[in-house]
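Colleague: Just dropping this structure here.
The values are calculated or read from the model by the stated rules, or taken from the named source; none is laboratory data. Since the structure is predicted, the reported quantities are computational estimates derived from the model, not experimental observations. A quick note on method: Cβ atoms are made from the backbone with ideal geometry, for glycine too, and the neighbour counts reach across all protein chains shown.
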Amino acid sequence: MIIAQEAAIALLKQDHGLNELVEQRIADKHRFGNGWSVPCKAIQVRADGGPTELYLEVQRQRLEIICYGESHYEALRVFSELQSVCRRTVKQEVSTWQGKGLVYWLNLVSAPSAWRDEEIGVDAILVFAEIAVAENPIS
Amino acid sequence: MAGNEPYGHLVGPCKVYIAPVGTAVPAVNAVPTSPWTELGETDGEQEVSHAGTLTFFYDNDHSGPVKAVRPQEDPEVTFTLVNLTLENYGAILDTASDVTSDAGPPATKKLPVKRGSVPTEYALILRGSVLSPYGAYPGMYVFPRGVFDGEPAPTFSKDGRAALECSFRVLEDDNQAAGEELGWIIVQTA
């Protein structure tokens with residue numbers, strides 16, 4: 001089964017512009033202090049509940065996405081690239097551990113919130129999104 | 001679930017193109033070019049309606065219907081246009097060629113509000129970059145002849161956005177192949 005959170009991370013990682021901006025720092029848990037310098041641009045994608053599909057073999061998942069940056073301005077640059085990816089994404093294939101997945105959409109469902117992770121001392125932009133992914137790998 | 005069935009779920013909005021009736025239809029994998037004109041951004045859902053209610057016939061020998069016919073069918077495309085350049089606005093009201101320009105100063109464009117008694121006919125394409133149910137390929141609805149119906153009423157407010165609710169009513173085009181007089185759907189498969 002294709003995991004929606006993994007598909008979301010794979011989708012963001014295969015976008016050249018976003019991946020270049022964050023220098024491949026896109027993960028399910030941030031790695032500040034464990035490989036990521038403080039501060040730097042990065043994205044953390046975490047599953048956050050959301051709706052379920054009762055009848056279709058489609059995974060729908062709400063996502064909490066944190067865009068990190070050296071400042072709020074830099075974090076907003078990351079968010080801006082993320083927003084572009086969301087606008088472009090319609091039926092896009094992604095590579096996951098379970099095989100090739102099909103992302104139907106990745107939509108932002110909230111406006112950005114400026115925030116600072118005091119524990120690690122990095123400015124961030126918090127936003128929520130929703131993804132829909134075919135549950136089974138495509139051939 | 002078969003491997004390629006996920007593609008059968010169609011998602012994503014389409015782009016709307018119009019052209020004079022009789023304009024050659026572009027290949028499904030080619031973005032329409034002049035004289036096809038892309039109307040600007042639309043907001044919300046776009047809908048293709050296959051209206052055409054059946055009439056059922058009964059006789060004295062049966063309690064259920066014995067025959068059904070479709071006396072009328074009325075395909076319709078509806079969408080909400082928010083890119084209100086006068087050319088787009090004019091195309092929906094009647095025709096973009098109604099727009100006139102004046103070098104000024106100040107430079108101006110003007111669109112008469114009167115729509116006239118005979119609406120301008122257009123061909124219309126509703127094209128989605130991944131509208132194919134057979135893969136990540138484009139697809140499009142092609143309607144060779146029709147008119148913009150309805151009574152659009154753009155509303156202006158502080159917290160809203162003026163928009164034209166567009167209703168494209170398809171007309172029969174006898175110059176098309178049999179069965180395609182009211183348009184067709186074409187999608188790329190490979």
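Colleague: Could you list all residues from the stretch A:119-139 that are of a type outside the set (D, E, K, R) and within 14 Å of chain B (Cβ to nearest Cβ)?
Modeller: A:Ile131, A:Ala132, A:Val133, A:Ala134, A:Asn136, A:Pro137, A:Ile138, A:Ser139
Colleague: Listed residues A:Tyr55, A:Tyr104; which is within 14 Å of chain B (Cβ to nearest Cβ) and free of Cβ contacts under 8 Å to residues at least 12 places away in the same chain?
Modeller: After ruling out the rest, the residue left standing is A:Tyr55.
Colleague: Is there a residue in the stretch A:72-90 that is buried (at least 16 other Cβ atoms within 10 Å of the Cβ), away from chain B (no Cβ under 14 Å), part of a strand (DSSP E or B) and at pLDDT below 95?
Modeller: So far as the stretch A:72-90 goes, no, none of its residues is buried (at least 16 other Cβ atoms within 10 Å of the Cβ), away from chain B (no Cβ under 14 Å), part of a strand (DSSP E or B) and at pLDDT below 95.
Colleague: Return yes or no: is B:Asn83 outside any loop (DSSP other than H, G, I, E, B) and at pLDDT below 95?
Modeller: No, not satisfied.
Colleague: Only one residue in B:Asn4, B:Asn60 is of a type in the set (S, T, N, Q) and modelled with pLDDT under 95, so which one is that?
Modeller: Testing whether each residue is of a type in the set (S, T, N, Q) and modelled with pLDDT under 95 leaves just B:Asn4.
Colleague: Within the stretch B:100-123, can one find any residue that is at pLDDT 95 or above, of a type in the set (A, V, I, L, M, F, W, C) and either closer than 30 Å to B:Tyr137 by Cα or buried (at least 16 other Cβ atoms within 10 Å of the Cβ) (or both)?
Modeller: Checked against the condition, which is being at pLDDT 95 or above, of a type in the set (A, V, I, L, M, F, W, C) and either closer than 30 Å to B:Tyr137 by Cα or buried (at least 16 other Cβ atoms within 10 Å of the Cβ) (or both), the stretch B:100-123 yields at least one hit.
Colleague: On the basis of being outside any loop (DSSP other than H, G, I, E, B) and more than 14 Å from chain A (Cβ to nearest Cβ), does B:Val48 make the cut?
Modeller: yes
Colleague: Which of (1) within 30 Å of A:Ala134 (Cα to Cα); (2) out of contact with any Phe, Trp or Tyr (no Cβ under 6 Å at 6 or more places or on another chain); (3) at pLDDT 95 or above does B:Val142 not meet, given it meets every other one?
Modeller: (2)
Colleague: Being more than 16 Å from the chain's Cα centre (by Cα) and away from chain A (no Cβ under 14 Å) is true for just one of B:Gly8, B:Gly104, B:Gly22. Which residue is that?
Modeller: Just a single option satisfies the conditions, and that option is B:Gly104.
Colleague: In the stretch B:115-126, which residue that is not in a strand (DSSP E or B) and not charged (D, E, K, R) is farthest from the other protein chains (Cβ to nearest Cβ)?
Modeller: Only one residue tops the list, namely B:Ser117.
Colleague: Is the stretch B:154-161 home to any residue that is surrounded by 10 or more Cβ atoms within 10 Å (Cβ to Cβ) and modelled with pLDDT of 90 or more?
Modeller: no
Colleague: Output the residue which, of all residues in the stretch B:23-45 that are touching a Pro at 6+ places or on another chain (Cβ under 8 Å) and either of a type in the set (Gly, Ala, Ser) or not in a loop (DSSP other than H, G, I, E, B) (or both), is modelled with the highest pLDDT.
Modeller: Going through the qualifying residues, I end up with B:Glu38.
Colleague: Select from the stretch A:116-127 the residues that are touching a helix residue (DSSP H, G or I) at 6+ places or on another chain (Cβ under 9 Å) and surrounded by fewer than 18 Cβ atoms within 10 Å (Cβ to Cβ) and list them in ascending order.
Modeller: Hit for the stretch A:116-127 is A:Arg116, nothing else.
Colleague: Every residue in the stretch A:14-65 that is in a helix (DSSP H, G or I) and surrounded by 18 or more Cβ atoms within 10 Å (Cβ to Cβ), please.
Modeller: Selection gives A:Leu18, A:Leu21.
Colleague: Right, next: Name the residues in the stretch B:127-162 that are within 14 Å of another protein chain (Cβ to nearest Cβ), of a type in the set (Gly, Ala, Ser) and out of contact with any Asp or Glu (no Cβ under 9 Å at 6 or more places or on another chain), would you?
Modeller: Listed by number, the residues that qualify are B:Gly128, B:Ser129, B:Ser132, B:Gly135, B:Gly139.
Colleague: Now, a different point. Take B:His62 and tell me if it is away from every other protein chain (no Cβ under 14 Å), under 30 Å from A:Tyr55 (Cβ atoms) and not aromatic (Phe, Trp, Tyr).
Modeller: Here the answer is no, as B:His62 does not meet what is asked.
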